[in-house]
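For reference, the structure discussed in these notes is given below.
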Amino acid sequence: MPPLVVEQKRLSPEQALQKIYNYCAYQERSHREVRNKLYTYGLWRNQVEDLITRLITEGYLNEERFAKSFAGGKFRMKKWGRVKITRELEAHGLTPRCIRQGLNEIDESDYQRTLESLITRKWEATEEPNAFKKKDKVARYAIMKGYESDLVWGIIREFDSV
């Protein structure tokens, strides 16, 4: 049996604008997210660009605000490091300036404290008799969470002296 194809109803620019207002009001969005959403409404490129311009002018869309919200939220909720947050913001198509603004939302002492806590918890949860393998596993975990490898290894080296 062939796959079921659902026809998407095309919205008028006015209908799309009302829906996209709600979409943007719910949470901060990047231009790329909003642009992709507008295309799912069946709009043409020039209509999408006109609506994006209108959303920016009316304050519904602001990439700097999005970057700050995204970076702060991912750090606080998911304990992501700066490297991962940067990569994700780049994937959203943000400028380096907006990314820097977003990363400024992360307090340096909170960042260090969170990384230490993350490493300590992982260290205690890792059952590996070989100390070198254990350090490697813990370091890989923290680096995959997006933390800078020099910071990670600096903290892990402290476990040698304990």
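The values are calculated or read from the model by the stated rules, or taken from the named source; none is laboratory data. Small disclaimer: the values here were computed from a predicted structure and weren't measured. When we count neighbours, we look across all protein chains shown, and the Cβ atoms used for this are built from the backbone with ideal geometry, even at glycine.
A few notes on this one:
- Residue check for Phe75: surrounded by fewer than 17 Cβ atoms within 10 Å (Cβ to Cβ) and over 22 Å from Tyr23 (Cα atoms): no
- Qualifying residue in the range 107-117 (condition: on the phi < 0 side of the Ramachandran plot, surrounded by 12 or more Cβ atoms within 10 Å (Cβ to Cβ), among the aliphatic types (A, V, I, L, M) and not assigned by TED's automatic domain parsing to the domain that holds Trp153): no
- Residue, surrounded by the fewest Cβ atoms within 10 Å (Cβ to Cβ), within the range 118-151, restricted to residues that are of a type in the set (A, V, I, L, M, F, W, C) and in contact with a Lys or Arg (Cβ under 9 Å, 6 or more places away or on another chain): Met144
- Looking across the range 21-45, the residues that are buried (at least 17 other Cβ atoms within 10 Å of the Cβ), in contact (Cβ under 8 Å) with a residue 40 or more places away in the chain and not acidic (Asp, Glu) come down to Ser30, His31.
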